[in-house]
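Take a look at the structure set out below.
Readers should treat all values here as calculations from the given coordinates under stated rules, not as data from a laboratory. Remember, predicted model here, so these are calculated numbers, not experimental data. Virtual Cβ from ideal backbone geometry, glycine too; neighbours counted across all protein chains shown.
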Amino acid sequence: MINNRFPTKYLWTIAAIAFLATTSLSVIGHGEPVGPRVKTPHEVFDFGVVPQRCEVSHVFWLHSTGDQELVIEELVPNCGCTEAPLETDHIMPGDSARAEIIFGTGVFNGVVEKFTQIKSNSTGRAPALTFRARVFADSLLPGPIMLTPPAVRLDDLRPSRAGDGYEQAVTLTNVGAEPVSIEMIDMPYRDVRVGPFEPISLGPGDSHELTLAFESELPEQTFSRSITFAVSDTTQQRITLPIFKKSAWDATGSND
C-alpha cells in the first residue's frame, strides 16, 4: 500500500543522503588513508513495462566516498543499445555526480537486463549500474495501467496554449478489474516539467490526466528522458513513459 503522506521519491532522496553521510563518516573515522572510492545508493533500476522503438533513461548517483579525488575513466555499457553519458569525470571526496543510463528498446521483446561498468581509479569495489525492463510492442503492452500516448516524441509536440513553450497531455487509465494506486517514482531531473502528481487511486475504467511542459526551445539533437510509475497491483508492476527525440533505435529498429 502506498503512503499518500510521504511519496517514495522523497524516501529515495533521504536514503541517498543517509547513505552518503554514513559512508563519509566511516572514511573519516578510519585512521588510515583509503584512497579514492566510488559507491552508489542503488545499483539496480527497474523500468518495468516499456514500449519498443523508444528510449528511456535513469540517473544513477555516483558518490566519492574515499579520501582522494575519484577519477571516472569510462562508463562501459555491455550492449550497443545503451548509452552512458557522465556529468563529470573528476569527483572530489564527499561530492557526487550523475551517471545517466539511456536504453534504446529497439525491437527487444520481453525481459531485458543490461549493465554498465564503471572504470575508475577506485581502490575498492566499483558497482555495476544495472537496469531491467519488460519490452513490448505498443499494441501488446500489459495492464493494469494504460498510458495514452504510450510514448512522447518531441517531434510530435505542439505549442502550449499560453505560447510560452510546448506541452503534452498524458492519460493514465486503469484497464484492469481492480482498484489500483499509482505513484511517480522516477522523473527527469531537467528539461521536462511535470504537473503536480501526488499518489492517486483509480478504480476500474477510471483515468487521470498528467501534463508535461517543455521549454520554448526544443533540443535539436537526440533527447532521452522518461517517467516511471509504480502500480500497487498484485505484481507491484512498474510502467515507464519514454520522452525522446530522433532515436537511432527508433529509426533502425535494431539491437546490438
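Brief remarks on what is shown
- Residues with amide H under 5 Å from that of G80, placed H, sequence gap 5 or more: D256
- Site pair N78 and E217 shows an inter-label distance of 4.0 nm when each label is modelled 7 Å from Cα along Cα→Cβ.
- Calculated from backbone phi, Karplus (6.51, -1.76, 1.60) coupling profile of the stretch 36-46 in Hz, x at Gly/Pro: x, 9, 10, 9, 9, x, 9, 9, 10, 10, 10
- Most positive-pole-ward Cα, G110, H63, A99, against dipole of the stretch 60-126 from beta carbon charges: G110
- Listed by chain and number, the aspartates and glutamates whose C-alpha is less than 14 Å from the C-alpha of K119, apart from same-chain residues fewer than 8 away, are E73, E74, D89.
- 5 angstrom amide H check on S226, placed H, neighbours 5+ away: S57, I243
- Proximity of backbone amide H atoms, modeled 1.01 Å from N, is registered between A126 and no other residue at under 5 Å, excluding neighbours fewer than 5 places apart on the same chain.
- Phi-derived couplings, Karplus 6.51 cos²θ - 1.76 cosθ + 1.60 at θ = phi - 60°, listed residue by residue for the stretch 178-189: 10, x, 9, 10, 10, 9, 7, 10, 8, 9, x, 7 Hz, with x used for Gly and Pro.
- Per-peptide average of other Cβ atoms within 10 Å, ordering 55-64, 197-206, 219-228 highest first: 55-64, 219-228, 197-206
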